[in-house]
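Notes follow the structure.
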């Protein structure tokens, strides 16, 4: 019996052709494909008043965004404890400290009230995360940030292609990041992007992603290099390679199909798994949502047995995530009450969700889940 993975990228002839074309070009660093990918992302989700800067990973995007927002030693960044390790490490990499807030019990996204209660004199930024197949209450978060004088960094790693109250994710935030790593709804193998408002942000970020070199991107996007430049601030090897951007363009061309097929699978899960005693499903009909993950909430005392059962049925599973305050490196960080996080983290199981997932594969996953509870 072939194992069904939790994640599987949609790689077809278009992606292979794009990779071959990019390799035959012979320009392997940041070049013309990166420029085209940024333009395509901006056209898709950013809107006319915002710009896109592509980088090597989602973690790089978070790190650069925090630095650009002025975060440094002595500062605090409020983030849900229920978040990816990349965000915690990016905060620490600036010299600042994470402060852990709770999540909303319905969406598992950041709880605005919990975040606001933790704002103090050292608070610089709130990281607003979307989760799996939900988006956060971004209007309320923006109101809190404006009223309390902190910046708002939108971690939209799970929400590419979704909408919030009719607005495309990426088009309205103070600053937003995306991740295009191997498991995301669209992938560039590894990659990320920042959506920002001003040309000065773009200039600084483009320099920072290329070890601080003030080498004009307009030159690099012609697959050329400028050999004279200045270095005016901190920088990292965070640029996106041409090959990765070429794959991203091929993936982005399929965004409607990716959205439709993932939404159809998620709706089928919700329809056929509804009503099972002891099983809690995401509370959404997936309208305006491109679902990245599909999760189940299982009673904590039965989760290990459920995971073992899925394995015997050839169905892989995931745990997204372990809370930050459970890790040794972040155990002493300041935190508020975390009752929802503590409960959710012991109940969640992620089941397979792929783009263009075959009907028989979906049926196998559903049968495996139902057979445990039956």
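Please treat every number below as a calculation from the coordinates, not as lab data. Just so we're clear, the structure is a prediction, and the values are computed from it rather than from any experiment. Here the Cβ is made from the backbone with ideal geometry for all residues, glycine too, and neighbour counts use every protein chain on show.
Could you check which residue among 40, 142, 17 shows the biggest mean-square fluctuation in a GNM of the chain with a 10 Å Cα cutoff?
Residue with maximal mean-square fluctuation among 40, 142, 17: 17.
Work out the FRET efficiency for residue 276 and residue 222 from their Cβ-Cβ distance, taking R0 = 51 Å, and round it to the nearest 0.05.
Efficiency at R0 = 51 Å is approximately 0.35.
Starting from the 7 Å offset along Cα-to-Cβ, what nm value, one decimal, do you get for the label separation of residue 113 and residue 230?
For the pair residue 113/residue 230, the computed spacing is 5.1 nm.
Going by C-beta contacts inside 10 Å, put 326, 227 in order with the fewest on the left.
The most exposed by this proxy come first: 227, 326.
Rank the residues 316, 155, 332 as a footprinting-exposure proxy: fewest other Cβ atoms within 10 Å of their Cβ go first.
332, 316, 155
Just rank 172, 292, fewest to most, by other beta-carbon atoms within 10 angstrom.
172, 292
Using a Gaussian network model of the chain whose springs link C-alpha atoms within less than 10 Å, name the residue from 313, 106, 24 with the highest mean-square fluctuation.
Among 313, 106, 24, the largest mean-square fluctuation in the Gaussian network model of the chain belongs to 24.
Based on the inverse mean of 1/r over its pairs of different Cα atoms, what is the Kirkwood hydrodynamic radius of the range 255-373, in Å?
The Cα-based Kirkwood calculation yields 15.6 Å.
Please work out the C-alpha center-to-center distance from the range 59-107 to the range 189-256 and express it in whole Å.
About 22 Å separates the Cα centre of the range 59-107 from the one of the range 189-256.
Gain in length, residue 311 to residue 346, computed as 0.36 nm per residue apart minus the alpha-carbon separation, to one decimal in nm?
Length gained, residue 311 through residue 346: 10.8 nm.
Given the convex hull of the Cα atoms of the chain, what is a quarter of its surface area in nm²?
Taking a quarter of the hull surface, the average projection is 18.7 nm².
Quick one: length gained pulling residue 256 to residue 371 fully straight, 0.36 nm per residue minus the C-alpha distance?
That pair, residue 256 and residue 371, stretches by 38.1 nm at full extension.
With r defined as the distance between the Cβ atoms of residue 332 and residue 197 and R0 fixed at 45 Å, what FRET efficiency is calculated, to the nearest 0.05?
The calculated FRET efficiency here is 0.80.
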